[in-house]
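For reference, the structure is listed below as structure tokens.
The values are calculated or read from the model by the stated rules, or taken from the named source; none is laboratory data. This one's a predicted model, so the numbers in the text were calculated from it and none came from an experiment. Every residue, glycine among them, receives a Cβ derived from its backbone with ideal geometry; neighbour counts consider all protein chains shown. Just the protein is used for accessible areas: all its heavy atoms, side chains included, with ligands, DNA and RNA removed. Shrake-Rupley method; radii C 1.70, N 1.55, O 1.52, S 1.80 Å.
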Number of protein chains: 2
Amino acid sequence: MSQHRHPGASGHTGAVPALPDLPEATVARLPEYLRALHNLAETGHDTVSSEALATAAGVNSAKLRKDLSHLGSYGTRGVGYDVALLIDQIEYVLGLTQRRAVALVGVGNLGHALAGYAGFVSRGFRIAALFDADESRVGEEINGLVVRHIDDLATIAAQEAIAIGVIATPAPAAQSVADRLVAVGVTSILNFAPCVLSVPDGVDVRKVDLAIELQILSFHEHRKASLTGIPASGPAAGLTALPGGLAATGTQEAVGS
Amino acid sequence: MSQHRHPGASGHTGAVPALPDLPEATVARLPEYLRALHNLAETGHDTVSSEALATAAGVNSAKLRKDLSHLGSYGTRGVGYDVALLIDQIEYVLGLTQRRAVALVGVGNLGHALAGYAGFVSRGFRIAALFDADESRVGEEINGLVVRHIDDLATIAAQEAIAIGVIATPAPAAQSVADRLVAVGVTSILNFAPCVLSVPDGVDVRKVDLAIELQILSFHEHRKASLTGIPASGPAAGLTALPGGLAATGTQEAVGS
């Protein structure tokens, strides 16, 4: 068969094999393939062509084949990929064969939503602890977990073997929370606060900024309008014509900071 | 001065100038620069070097200069970039000189958090309407907006000139919501449901999948463990040594679908 496990995993008993240093874009697509593969497995598919898997994951098939070749997976001509084997390979590479414990800091609206997000549990994670600095929130129970004070972080991080910290605080508190997470040994942080965090080498931070996603969409809306020649609607529409380019004059209320 | 507005914007009165088709990665970084620039402006800075701006935005300075050169902004040697001018240029390109109306569909936990997310308002967007298909939620007021039934989408989308749709429903409902948004003329969709949406050409979809972000971090945790040779902790640790590669055997509870 032409599917292989990733190069480092073949039978060195007791050792942790080195993982390939995959391109970041490939790493980002592996979860998409994984989700599509789980859907295929649940609907009774044993094999899948690269074209069908690429369509299900929303990428082009050449990119998918390249990504999977990094894992040593090439499929079988005329048959495609073995669904169960490819699930195992991707879950192994993503480190999902153990359920990682997540600490969530900040239980405002967003923190509440994250604490109740079923997708974390179903895809390899366990929200193990909730923290807040607001005494009025400490003690509240959300989805069976009691909110603890952030001062208890060190104790609980050790008890629960916290692997990943999720920051859902307001921006001004985020850096100090990141520092405290790093101090207790957390080396992966998912940051929902709209700010750039400084962390030491060896700590990975991923940022989710919901307004940035909207701003990127706004670019595409703006560009589509410019291509079709339909003037932008709204009070600022005429400002695109101002010479000298100070299009934001008089529109500060629309953009803020 | 060596800063210019983007090429298409110079004084064609009444026309909407064509925007440059920027690389997607550049578009994704512009909001980061914009946030850093607003912070600089608020703290009294009139100019900023490419190095200082790059640090504030968390990118390297060569990449920043390249990105801004796409907008026709090159800074001034020895002085740097004019903060106010660069804010105007980026806001113009991102289409933030008008406040875009957003419709949010699905007011569960995540929808509630999104409806109350101050970052949308402060950065150029207005949540103009909330929708749900659940009759028990219709009529609820969230942040001053009353939740409407999804069947009212067409009427309200026209009234409010909805530009962007945000889908915060469970996955099984997302495609049908996307179809309805497209049918009423929405051409930009931000999708929080964990699924791939099919949309016609000309409709832009951005997806935010919170579990995927964690899975990407999990890869880095796994890789760091493999590099330091520290065996993974937890019940699945020994499975990396199994020949034949079925590392997930017996760990299905940890990964689910």
**Prompt:** How would A:R100, A:R180, B:R29 rank on accessible area, largest to smallest, probe 1.4 Å?
**Reply:** A:R180, B:R29, A:R100
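Using Cα pairs closer than 8 Å and at least 6 residues apart in sequence, work out the relative contact order for segment A:123-213, in percent.
Numbers: 121 pairs, mean separation 18.5, N = 91.
Value for segment A:123-213: 20 percent.
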**Item:** Alpha-carbon gyration tensor eigenvalues x 5, square-rooted, for segment A:7-93, Å
**Value:** 22, 15, 12
**Request:** Choose one of A:L40, A:A56, A:V105: the residue whose Cα lies farthest towards the positive end of the charge dipole of segment A:20-122 (beta-carbon charges +1 Lys, Arg; -1 Asp, Glu; about the Cα centre).
**Result:** A:V105
**Request:** Compare B:V59, B:V208, A:V146 by solvent-accessible area with a 1.4 Å probe and give them largest first, with all protein chains kept in place.
**Result:** A:V146, B:V59, B:V208
**Message:** Apply the Karplus curve 6.51 cos²θ - 1.76 cosθ + 1.60, θ = phi - 60°, to the phi angles in segment A:192-198 and return the couplings in whole Hz, x for Gly and Pro.
**Reply:** 9, 6, x, 7, 8, 9, 9
**Asked** So how much accessible area does A:D21 have, in Å² to the nearest 10, using a 1.4 Å probe?
**Response** 110
**Message:** Using a Cα-Cα cut-off of under 23 Å, which lysines could be cross-linked to A:K63, ignoring same-chain neighbours fewer than 8 residues away?
**Reply:** B:K207
**Message:** Per 0.36 nm of contour for each residue apart, how much would the distance between B:T76 and B:A183 grow if the chain were fully extended, relative to their Cα-Cα spacing?
**Reply:** 33.8 nm
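Taking a 1.4 Å probe, which of A:E140, B:E91 shows the most accessible area, and what order do the others take after it?
From most accessible down to least: A:E140, B:E91.
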**Asked** Where the label is 7 Å out from Cα toward Cβ, how close does A:A158 come to the same position in every other copy, in nm, shortest first?
**Response** 6.6
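Within the accessible area of segment A:159-223, what % is carbon and sulfur when the probe is 1.4 Å and the other protein chains stay in place? Don't skip to the end; give the middle numbers.
On the way: 1100 of 2190 Å².
Carbon-and-sulfur percentage of accessible area, whole number: 51.
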**Item:** Length added when fully stretched, B:T155-B:E140, from 0.36 nm per residue minus Cα-Cα
**Value:** 3.5 nm
**Fill in**
Distances in nm between the label point of A:P20 (7 Å along Cα→Cβ) and its equivalents in the other copies, shortest first, are 3.5
**Fill in**
Note on segment B:100-210: alpha-carbon gyration tensor, axes a ≥ b ≥ c; rule is a/c under 1.5 for rounded, else prolate if a/b larger than b/c, else oblate; result rounded
**Message:** Which residue in chain A puts its Cβ closest to the axis that rotates chain A onto chain B, and at what distance in whole Å?
**Reply:** A:A113, 2
